[in-house]
C-alpha cells in the first residue's frame, strides 16, 4: 500500500478501545499506511518480561514498525500518569520531528488522556500527607470530609475513601487551590484524532476467554514464576496486573491453574467493560466496527477528512 498523506492539522493519532479488540493490529496497519511509529499507552506493557499476560506484540508482529514505551520498566518500579505524560509527549515530538506520524495505541484511559489532553498534575508533599493520614486515623473520615467540603465542595461531595480525601486536602494545603480545579478537561494539548474499536460484547467475552486459555498454554505460569524471581511481588502495580496476581496464587498453592484462569477471564471481562465506559464518555472518539473487513480503509478515509481539532 502506498503511503497515505496525513493532514498537517492532525499531528497525533490515537487508537483506543477495550482489551482484546485489535488495537495493536490496527495501530501497526495505520503506521504502515501513513509512515508512523507506535507509542504504547498500555500501562502494563511498560514492564520488561510481562509479555504473555499482557498480549504484548512480538518483534515479528511489529512488522518493522518502531514501537516506543514497551519494556522500559522493571517489575519492581512504579509508574505514574505524570511520568507517562512527560515521556509520551517527548516521544511524540521526536517522532514528528523526524517526519513520521506518532500513533498512540492503548486501553489505559487516563494515560491516553494524559498524552492527548490538557492535564495538570498537582504537587505532592510527603510530610503534609503523612500528617493528614495520621489525623484521619485519629479523628475519622467524617471530620476530614467535612473540612474538605468547606474548602472544595466539589471534591467533598465526590470523594469518599480516606486516601482520596487526604490527597485532596494535601493539594489544597500546598497550593491553596481546590483539588477539583485540577480535573482534566476534554481539550487536546495538540491537534489529535481518536479512533475507537466498537465491539460485539458477546463475541468479545468469548474472545477474551480464548485469549486467556491461549496465554496459559503459551506458558503464563512460567512467565509469572520467572518474574517472581526477579521481584514481581515487590512491584505494587505489576503484581496486581490481570493474570499475574491470579497466577501468583497458583505459585502459593492457593489456586489451581484452572481456577486462576477462570478468575483472570472474569476480571478481564470486567476490565473491558470499564474501558468501554471510559472511552464512550469521550465524544471526540470516532468509532469503527472491530470486525469490519474494510476497517483500515475506513479509518484512513476518516483521517483524510480530519481538519483542525480543538
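Points worth noting:
- Relative contact order, percent, the chain [alpha-carbon distance under 8 Å, six or more residues apart]: 28
- Separation in nanometres of the label points that stand 7 Å from Cα toward Cβ, at residue 287 and residue 182: 3.2
- Anisotropy class of the chain from Cα gyration tensor, a/c 1.5 cut: oblate
- Residues listed by number, the stretch 185-201, amide nitrogen under 19 Å from residue 8 label point at 7 Å toward C-beta: 190-193
- The ranking of 139, 57, 128 by Cβ neighbour count inside 10 Å, starting from the fewest, reads 139, 128, 57.
- Put in line by how crowded their Cβ is, counting other Cβ atoms within 10 Å and starting with the fewest, 303, 110 read 110, 303.
- Ellipsoid semi-axes for the stretch 179-226, based on the Cα gyration tensor and the rule √(5λ), read 36, 19, 12 Å when sorted largest first.
- Rg/Rh for the stretch 73-117, where both radii come from Cα atoms and Rh is the Kirkwood radius: 1.01
- Of interest is the spacing of the C-alpha centroids, which for the stretch 72-125 and the stretch 271-286 amounts to 19 Å.
- Separation of the residue 133 and residue 83 label points, Cα + 7 Å toward Cβ, nm: 1.8
- Fraction of antiparallel bridges per DSSP, the chain only, in percent to nearest 5: 5
- Once the Cβ-Cβ distance of residue 110 and residue 256 is raised to the sixth power relative to R0 = 35 Å, the FRET efficiency obtained is 0.55.
- For the chain, modelled as a GNM whose springs connect Cα atoms under 10 angstrom apart, the maximal fluctuation among 108, 180, 24 occurs at 180.
- GNM top mover of 126, 260, 281 - the chain, alpha-carbon springs below 10 Å: 126
- Look at 288, 84 and count the other Cβ atoms within 10 Å of each Cβ; fewest to most, that gives 288, 84.
- Residue 63/residue 203 FRET efficiency (R0 25 Å; Cβ-Cβ; nearest 0.05): 0.45
- The stretch 180-310 - percent relative contact order, Cα under 8 Å, separation 6 or more: 44
- Relative contact order computed over the stretch 126-182 (Cα-Cα under 8 Å; 6+ residues apart), in percent: 33
Computed from the coordinates by the stated procedures, all read-outs in this text should not be read as laboratory data. For clarity, every value in this text was computed on a predicted model and none was experimentally measured. All Cβ positions, glycine included, derive from the backbone under ideal geometry; neighbour counts span all protein chains shown.
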